[in-house]
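Could you have a look at this structure, given as structure tokens, before my questions?
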Amino acid sequence: QVQLVESGGGSVQAGGSLRLSCAAPGRTFTNYAVGWFRQAPGKEREFVAGVSWSGGSTNYADSVKGRFTISTDNAKKMVNLQMNSLKPKDTAVYYCAAARYGLGFAGSGYESWGRGTQVTVSS
């Protein structure tokens, strides 16, 4: 398993932007798919976005398409989730997860998880 650390959460008004980052201290994401998930109070955890292990493909939940962008830095040390046009329904704890040789889909067999970062969007 890989230790994952999320950062960049916070509070923002509706329509604003936040950038979340996921890092694996001491290593890179080479050969790992990384996914972002979120869980709102009283709801099940849901897939938000993912990038394949090769970096060649990305996937998004319908609810965030066109607003969120997942990306990997050139050194594959960080996976970012740029969130624009945020809505109150985006309020949740956001988690990043990693899957060795995964394809970046919701069910890619993520075996490592971070502790999460809170995102709060007010109306």
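Which one of these is of a type in the set (D, E) and either under 25 Å from S11 (Cβ atoms) or in contact with a Pro (Cβ under 7 Å, 6 or more places away or on another chain) (or both): E111, E46?
E46
Next question, about the same structure. Using the structure shown, decide if N84 is open to solvent by less than 50 Å² (accessible area, probe 1.4 Å) and under 29 Å from Q13 (Cα atoms).
no
Right, another one. Look through the range 7-51, keep the residues that are among the charged types (D, E, K, R) and under 18 Å from S108 (Cβ atoms), and return whichever of them is most open to solvent (accessible area, probe 1.4 Å). Before you say what the answer is, go through the steps one by one.
The initial filter retains those residues of the range 7-51 that are among the charged types (D, E, K, R), namely 19, 27, 38, 43-46.
Narrowing the set further to residues that are under 18 Å from S108 (Cβ atoms) leaves 38, 44-46.
Values: R38: 13, E44: 159, R45: 124, E46: 79 Å².
So, considering only residues that are among the charged types (D, E, K, R) and under 18 Å from S108 (Cβ atoms), the one most open to solvent (accessible area, probe 1.4 Å) is E44.
Kindly establish whether V64 is open to solvent by less than 30 Å² (accessible area, probe 1.4 Å) and either over 11 Å from the mean Cα position of the chain (by Cα) or in contact (Cβ under 8 Å) with a residue 60 or more places away in the chain (or both).
Considered against the rule, which asks whether it is open to solvent by less than 30 Å² (accessible area, probe 1.4 Å) and either over 11 Å from the mean Cα position of the chain (by Cα) or in contact (Cβ under 8 Å) with a residue 60 or more places away in the chain (or both), V64 comes out as yes.
Could you list, in sequence order, all residues of the range 90-123 that are under 11 Å from W36 (Cβ atoms) and not in a strand (DSSP E or B)?
G104, A106, Y110, G114, G116
Just need a number here: residues in the range 69-91 that are within 12 Å of the chain's Cα centre (by Cα) and more than 19 Å from Q1 (Cβ to Cβ).
So the answer is 8.
The values are calculated or read from the model by the stated rules, or taken from the named source; none is laboratory data. This structure is a prediction, so every number in the text was calculated from the model and none was measured. Note that we place each Cβ from the backbone using ideal geometry, even for glycine, and neighbour counts take in every protein chain shown. The protein model used for the area step is the full one, side chains on, heavy atoms only, and it has no ligands, DNA or RNA in it. Shrake-Rupley method; radii C 1.70, N 1.55, O 1.52, S 1.80 Å.
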